[in-house]
Amino acid sequence: MNNYEDINKYEDPETVEAYEDDGSCVITCDEDAERFLNYEKKRLANLDRLLALCDAEQQRIQSKRAEIEDKKLKSFYREQLNRYFMKIGADKKRKTKTSERYDLLSGKLVRKFGGFSPIRDNSKLTEWALETAPDCVEMKPSLKWAELKKQLVIDADGAVYKPTGEVVEGIQVEQTPDTFVIEIEKEGGALNG
């Protein structure tokens, strides 16, 4: 493998099998492993570059969307229709508790009345409600898993609570496979792939 483009041919499992058969992609010594590690480093850097490009494009699109939504709300036509609506007499509009409307052939002009919307500080509100309106507070017991895990012995047979030797119900144990991680040294720290 003489150039970086050769790396991509190993992405396809069928191609890898073909190269394994002819011996051209089998690691036989440290030099081969070092070369493959460098290829993997370049491959991961390229994928990181593409992910960064995707993130930048996504941010650009979201910015453009916000701009379009803002334009949708600020329109010459909307403003003129609002002014016209304000000139129409109350006797020609239908009024409810929450809105007033004026019907046209192509649609309706509607003014929805504003109101009050609470902005809550849940911690202060909960503290107040505990003393004043306790029936409005939900008390949910929550397991402290990190603390309990320290007191368990977990093996293939299940989980045992160390202090009593009791088998713990509610925990199923599954064998997790070994994983293979490549740690590539990168300027400023390790990059795991």
Taking amide H positions as placed in the peptide plane 1.01 Å from N, state which residues far from SER99 in sequence (5 or more) or on other chains have amide H under 5 Å from it.
-> PHE113
When each of LYS72/LYS93; LYS71/LYS108; LYS72/LYS112; LYS87/LYS112; LYS74/LYS108; LYS74/LYS112 is checked by Cα-Cα distance, pairs over 23 Å | LYS72/LYS93
At a Förster distance of 30 Å, what's the computed FRET efficiency of ASN82 paired with ILE119, Cβ-Cβ distance as r, to 0.05?
-> 0.65
Kindly identify the stretch 57-139 as rounded, prolate or oblate by the Cα gyration tensor criterion: order the square roots of the eigenvalues as a ≥ b ≥ c, call it rounded if a/c is under 1.5, otherwise compare a/b with b/c, prolate if a/b is larger, else oblate.
-> oblate
Give me the lysines in straight-line cross-link reach of LYS150: C-alpha distance below 27 Å, same-chain residues under 8 apart excluded.
-> LYS140, LYS162
Contour minus end-to-end for GLU147 and VAL181, with contour as 0.36 nm per residue of separation and end-to-end as the Cα-Cα distance?
-> 9.4 nm
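Read-outs: derived from the displayed coordinates by stated rules, not from any lab. Predicted model only: the values in this text are computed from it and were never measured. Using ideal geometry, Cβ is built from the backbone for each residue, glycine included, and neighbour counts are taken over all protein chains shown.
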